[in-house]
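What follows is calculated from the coordinates using simple rules that are stated; it is not laboratory data. Here the structure is a predicted model, which is why all the values come from computation and not from measurement. Note: ideal-geometry Cβ built from the backbone for every residue, glycine included; neighbour counts use all protein chains shown.
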Amino acid sequence: MSSKTYCILFAFCTLSLFSAGQQPTQTDAKYGKIAVADFNINLNSLDSNADAVVIADVGSSQILGNSKGWFSLEFTRFRRVKILNKSGYDAANVEIYLYKDGTDEEQLNKVKAVTYNMENGKVSETRLDSRSGVYKDVLNSHEIVRKFTFPNVREGSIIEYEYTVTSDFLFNLQPWGFQREYPVLWSEYNLTCPEFLGYVFLTQGYQPFYLQDKKYRNARFHVADNYTSNRSESLDFDAQVADYRWVMRNVPALKEESFTSTINNHIAKISFQLSEYKYPLQTTKVMGTWPEVCDKLLKSDQFGADLNRNNGWMSDVVKPLINGVSSETEKAKNIFNYVRDNFTCTSYNRWNLDESLKNIFKKKKGSVAEINLLLTAMLKYADINADPVILSTRSHGYTYALYPVLDRFNYVICMVKADRKKIFLDASQPRLGFGRLTPDCYNGNARVVDMKATPLEFSADSLLEKKSTYVFITQNDKGEIVGKFTQTPGYYESHTIRERIKEKGKDDFFQTIRKAYGPGISELFNSKIDQLDSLETSVKIFYEFKMNQDSNDIIYVNPMMGEGYKQNPFKSAERFYPVEMPYVIDESYNFSLIIPGGYQIDELPKSEKVVIDEEGDGQFEYLIAESGGVISIRARILIKRTFFQQDEYEILREFFNRIVKKQSEQIVLKKKS
Amino acid sequence: MKKPCLLIYLIIFFDSLSFAGDGDYAVSKIPQVLLKNADAVVRLQEVRFQVNNTREATEWNHYVITIMKESGETSSGFADYYDKMRDILSVEGILYDSNGRIIKKMKSKDMEDISGVDDNSLMDDSRVKRHNFYYKAYPYTIEYTEVIRYRNTLFFPAWMPQNDEKISVEFSQFSMICPEEYKFRFRSFNYPGEPEVSTDKGKVVTRWSVHDLPAFLEEPNSPYQNEITPCIYFAPTDFQVDNYSGNMNSWQDFGRFVYALKQGRDVLPDNVKTKVHQLSDGITDIKKKIQILYEYMQKHTRYVSIQLGIGGWQPFDATYVANKGYGDCKALTNYMYSILKEAGIPSFYTLVKAGRNSRPILDDFPSQQFNHVILSVPVSGDTVWLECTSQTLPSGYLSDFTCNRKALLINENESKLIHTPVYGLNENTMIRKVSAVLDENETLKVKSVTDYRAMQEDKLHQMIHYLSKEKIKQNLREQLDFGTYEVNSFDYTEELSSLPVMQETLDLTVSNYASATGKRLFIMPNIMTRSSRKFGMNEERKYDIVFHAEYRDIDSAEILIPDGYKAESVPRPVTIESKFGKYSNSVILEGNKIVYYRLVEQYSGRFPAKEYTDAVRFYDNIYQADRSKVVLVKNNSSDQKSF
């Protein structure tokens, strides 16, 4: 909320600035109007590394009466781009995505495009042949992409295009991204919205608006119906409309960084959600309160309607899974395992059903929503208390706790209450255990779709990835130096290992470990991996190894034995966005070495402790001791929160730098003289 | 069309009956030897390819595959493309359980139909049909029967019954069915014996079959697939595409067809003609002339691929390219050809099978084996090669995309195979000079200057021309093999010539490059060029070992270390020579300076499998030598205990 106030205040200031006179209130760029001077813009102030720069990007949406008895959206866009070098040629390939549902599809019209080049001090232009040069590729039953490319593109060309998209899908009011892969000098979005249609406006990002404006006026609407009756009927009426305008100037290009859940959270963007129809239309809430939305979802064929039906068709499968099982948790587990192991998830980006649960059941495949709703239905059929939960994954972006904006959600899981415990289930992920969710689900707020619309919180800080490693090195009776390695990786690392072993086998897994060791290790044997099929817990890795012994007087041993950080995970020296890690970390490493006969310690790394802040949100401890001919090391890395601000980045990077340094240190043993 | 279809179905049905006994695909019937290493077992595959006439052919493809476990899923579904030249007439699918009992049949509405437009294309007309039963109770069996109609006879399918590792084959058969008067051609690999030939109602049926092929495992650096499993390539004699016909009895014949497709498409608009003369008239050095015109073409065009119908084979004409400023490889090559022609320089449209280390064409088997076009320009006994889809390559240089292979030069009646430039040990070099200073805090300041030449330059060429400076900086910040480091500055300058050289200058600060423990300092003198090649030790090698590209790396480095240290251990110089290459290094401590030298030569060639352990040892030794460390001890502390 506070950001909104900020924006309005900001608009106020800037507006008063213009009245004083120097700053432009419009972009000079207009389709078809080009001058030699337009080629001489100075871009260096914005981004000297850019491959192309967007001189102007102006979009407008309005809502008009149509001839189908209702309203349509009309979106027009004008964009002018200067191509600075060959890497910027990509900007000359334009793709426009359109939505389709049955026979009703969004229409692309009035495509115009032209390339301008400077030739002998004059501007030459080459137009796109929009009749033959705009291709149509039907991607699937809901998506169409229209494409074209500009003629005569060279380094230094200015390209511009304009088009209109007409849509009958009122929910699809085009959002506007002010920030994209190229820097933008002027990005503007206009929206004309009649007061009888209510949309919620959602803004995000760190870039300030340069201009922001809203004006009311009266407009006339003409709605005709040429379809439902033989003679066409039509209706004309006046209604108040609001003209909104948002402008940003000199917006830098987006930058991708590691440890960012999704760049989508950081783009300067405005989007819209249809919330209600008002007078003179029949007043209807499209977006209600959370309980209203959940109630609707539960009754909708595209979500919960099947959950409370009789669903007798599943009895042949469900009954054998629960017969003779008394504990509710065990019943739930049997059903969960069945769904996970017999269904294939074909899309992890869906919160609603595209088909009936019965069809999903037959086809053995579905989206994450379909699989977990089917799971919920099967659990309910077995009289287990189960409800669907909707959420947005981290890679999809933040959601709003307050607004029931369903577009912001992309994932469905299932909540079970069994034996007085709450258990969260996701049967769409192969090899994910009962009661486990992927880190991608831990993205803050979520909602149980029940009558109360119970809010939930999945915080990444609550997810712990705990790993422990034990290494024991000694000399055997043959005088060889041998070691034992035992490790319990974290749950998610175990999940990755399971995936790998499923694909490539155990041999390959240990082969890779063997290869990763430097020349210090000559042999790996007695290797095994336990708990591979106990999907609820971590795996356990064991192996023994033999060390290479040069007949030298000095033995150098890196006690980390290939574990630990060889590289700093925070590579870049700069940071633009906050750091978001998937979970908190607790990694412990225990090492002991019995000093081989005839040798003595010449040098040991020193004990060390590093903390990231006063709260100890990041801690690294490295304790080393020698007693009775045994060198032992206990090392531990703890990271207790997942979110770090940009200004904490340098500390975080230095923290890992210290870890990398410490873990590279060696033990030196010398032959007794 | 109806009648032959019906007939063929009967035959298939009969065949499967006779083969699988009571029509049962029970897993228990798979011979034990076929289960070893098998993620999937091809129970039965029968492909019948019938040339109806020179315009059209029909293919029936019937296959039954048992998916043994999850990792065999890649064989579990149906996916095939169609376009203006190829229709999928019908597909049927059946799912069986492990006992060979039918679980269900595919419904046509379950078939997905999606765009097949290639990622590199702006537009083409290909679409994909795909289906999967999404069954997960392993093992299970799928059966599909597909009928395809080809509206051309330019390509015949190849038969490779075992096309991937971890797949065994119980029975597979390919039949070529032709009218009696029609001759097809084939080339077989690893197929023992001769095909069976019979005549059926005026058609000649030629049939190959294999049975009981156990699954094999892929090995790194193996020969190409067709050299290790049975494989038969087919090609037409007379063929037709759209309204163009030809025959493939010889490369000359095939060349005549390609020539006809592009004939008369070399007319330039007047403004370009004028420009050509403006740029090149009066220049006497032909190579210079070519270079100027090539650079003009590069500056005024870019690669955009639009492949629709015959456009997949026929270039857009030169006027189109001149007006639009873009085209695909065919169009751009033809455009460049037209420009050179205008300047009075004859050149040749040349077909090539592009791709880094791609399988060589079968040079004694004239057929459509190509996927790319380049231009060759003979200049007094020499040839200037032009890659016309690149806006950045220097005139006369072909990158690893098309070098070191045979290509088909198209000339009206004298088309012939020629060899593209060979870049070897002496061309593909990397010469690096590093000067570095290690300070008291174990931080290393590094200045490196590296010259990458020919194929060693290719990746960097792509990088500097197709990535933004921002992205290059980001890559450099993330991809170097150091714990924590900063890129203070970087620079790339390219010397454009027929053997281009990229000079890279890096200025880096590496934190804790040396690791210090008490009085000792461990430092790896090989700062930037460490080999990562390692072969698995315990494997029993089955196939020959193949190395494609040759190269030579020479590194020299000087590292200044803080005062007051003396050497405890300095790696001994290493020299290794083998059939696969050569390696040597040396480390010398001169006062407070470490002087490092390293040489690697990689040879190309094919080596027998029994030499595998030599290869393992060779690369392991290099790996180890590249990571050896200098151990230094503080001068006056050698007697102190550190704890």
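Could you work out [θ]222 nm for chain A from helices alone, using -39500 (n - 2.57) per DSSP H run of at least four and dividing by all its residues? Round to the nearest 500 deg cm²/dmol.
Counting only the DSSP helices, I get -5500 deg cm²/dmol.
How many percent of all Cα-Cα pairs in the range B:358-505 sit more than 26 Å apart?
Values: 4454 of 10878 pairs.
Counting every Cα pair in the range B:358-505, those more than 26 Å apart make up 41 percent.
Could you tell me whether the range B:490-529 comes out rounded, prolate or oblate from its Cα gyration tensor? Rule is a ≥ b ≥ c as square roots of the eigenvalues, rounded for a/c under 1.5, then prolate if a/b exceeds b/c, otherwise oblate.
In terms of gyration-tensor shape, prolate.
Determine the shape class of the protein assembly as shown: with a ≥ b ≥ c the square roots of the Cα gyration tensor eigenvalues, call it rounded for a/c under 1.5, and otherwise prolate if a/b is greater than b/c, oblate otherwise.
Here the protein assembly as shown falls in the rounded category.
Might you report the magnitude of the Cβ-based charge dipole of chain B about its Cα centre, with Lys and Arg at +1 and Asp and Glu at -1, to the nearest 20 debye?
For this selection, approximately 300 debye.
Can you tell me which lysines have their Cα less than 19 Å from the Cα of residue A:285? Leave out same-chain residues fewer than eight positions away.
A:296, A:299, A:452
Please give the direction-averaged projected area of the C-alpha convex hull for the range B:250-419, in square nanometres with one decimal.
If I average the Cα hull's projected area over directions, I get 9.3 nm².
Averaged over peptide B:451-462, how many Cβ atoms belonging to another chain are found within 10 Å of each residue's Cβ?
Taking all residues of B:451-462 together, the mean is 0.
Would you list, by chain and number, the lysines whose Cα falls below 19 Å from the Cα of residue B:582, excluding same-chain residues fewer than 8 positions away?
B:534
Which entries in the list A:82/A:122; A:82/A:255; A:640/A:662; A:467/A:515; A:358/B:104; A:478/A:546 go over 18 Å, if you measure between the two C-alpha atoms of each?
A:82/A:255; A:640/A:662; A:467/A:515
Run the reach check for residue A:417 against aspartates and glutamates, Cα to Cα strictly under 15 Å, same-chain hits fewer than 8 apart removed. What comes back?
A:328, A:330, A:383, A:387, A:426, A:450
I'd like to know which of A:601, A:222, A:622 lies farthest towards the positive end of the charge dipole of chain A, counting +1 on Cβ of Lys and Arg and -1 on Cβ of Asp and Glu.
Farthest along the dipole direction, towards plus: A:222.
Given Cα pairs under 8 Å that are at least 6 residues apart, what percent is the relative contact order of the range A:478-558? List each step's numbers first, then the result.
On the way: 98 pairs, mean separation 35.7, N = 81.
Here the relative contact order equals 44 percent.
Computed over the Cα atoms of chain A, what is the ratio Rg over Rh, Rh following Kirkwood?
A ratio of 1.04.
Cα-based Rg (one decimal) and Dmax (whole number) for chain B, in Å?
Values for chain B (Cα only, Rg and Dmax): 30.1, 99 Å.
Counting Lys and Arg as +1 and Asp and Glu as -1, each charge on the Cβ, what is the dipole of the protein assembly as shown about the Cα centre in debye, to the nearest 20?
That gives the protein assembly as shown a dipole magnitude of about 680 debye.
Counting other C-beta atoms within 10 Å, and keeping those with at most 12, which DSSP coil chymotrypsin sites (Phe, Trp or Tyr not before Pro) do you find in the range A:224-300?
Hits after loop and neighbour filter: A:227.
Label-point separation (nm) for residue B:362 and residue A:330, each offset 7 Å from Cα along Cα-to-Cβ?
Those two pseudo-labels are separated by 6.3 nm.
Mind checking B:120-131 for the average number of partner chain beta-carbons within 10 Å of each residue's beta-carbon?
That works out to 2 on average.
Please report the projected area of the range A:394-538's Cα convex hull averaged over all directions, in nm².
It is 12.5 nm².
List the trypsin sites (Lys or Arg not before Pro) within the range B:373-433 that fall in a DSSP loop (any state other than H, G, I, E or B) and whose Cβ has at most 16 other Cβ atoms within 10 Å.
Loop-located and lightly packed - none at all.
Classify the range A:464-671 as rounded, prolate or oblate, taking a ≥ b ≥ c as the square roots of the eigenvalues of its Cα gyration tensor: rounded when a/c is under 1.5, otherwise prolate if a/b is larger than b/c and oblate if not.
oblate
How high is the relative contact order of the range B:429-637, in percent, with contacts defined as C-alpha pairs under 8 Å that are six or more residues apart?
About 24 percent, as a whole number.
Where does the charge balance sit around residue B:356 when Lys and Arg score +1, Asp and Glu -1, over other residues with C-beta under 9 Å from its C-beta?
-2
In whole Å, largest first, what are the principal axis extents of the Cα atoms in the range A:290-458?
Cα extents, longest axis first: 44, 29, 28 Å.
Which of B:366, B:297, B:525 sits farthest toward the positive end of the charge dipole of chain B, with +1 on the Cβ of Lys and Arg and -1 on the Cβ of Asp and Glu?
With unit charges placed on the Cβ atoms, the residue in question is B:525.
Against the longest principal axis of chain A, how steep is helix A:649-663, in degrees 0 to 90 to the nearest 10, with axes from Cα atoms?
20 degrees
Find which of A:178, A:66, A:123 sits farthest along the positive direction of the dipole of the range A:53-206, computed with +1 on the beta-carbon of Lys and Arg, -1 on that of Asp and Glu, about the Cα centre.
A:123
When only C-alpha pairs under 8 Å and at least 6 residues apart count, what is the relative contact order of the range B:404-518, in percent?
27 percent
Compute the signed sum of charges (Lys and Arg +1, Asp and Glu -1) over the other residues within less than 11 Å, Cβ to Cβ, of residue A:329.
That works out to +2.
Sum up the charges of everything whose Cβ sits under 12 Å from the Cβ of residue B:235, counting Lys and Arg as +1 and Asp and Glu as -1, but leave residue B:235 out.
Net charge around residue B:235: 0.
Mind checking the mean number of beta-carbon atoms from other chains within 10 Å of the Cβ atoms in A:85-92?
Counting Cβ atoms of other protein chains within 10 Å of each residue's Cβ and averaging gives 4.
Any idea what % of Cα-Cα pairs in the range B:2-243 are farther than 35 Å?
13 percent
Could you give the size of the charge dipole of chain A about its Cα centre, using +1 on the Cβ of each K and R and -1 on the Cβ of each D and E, expressed in debye and rounded to the nearest 20?
580 debye
For the range A:492-583, run through the GluC sites (Glu not before Pro) and keep only the ones in DSSP coil with at most 13 other Cβ atoms within 10 Å of their Cβ.
Filter output for the range A:492-583: A:536, A:574.
A 25 angstrom limit on the alpha carbon distance is what I want to check against. Which of B:473/B:593; B:183/B:416; A:331/A:364; A:331/A:362; A:364/B:129 exceed it?
Among B:473/B:593; B:183/B:416; A:331/A:364; A:331/A:362; A:364/B:129, the Cα-Cα distance tops 25 Å for B:473/B:593.
Taking the Cα centre of each part, how many Å lie between the range A:371-445 and the range B:558-607?
Between the Cα centres of the range A:371-445 and the range B:558-607 lies a distance of 58 Å.
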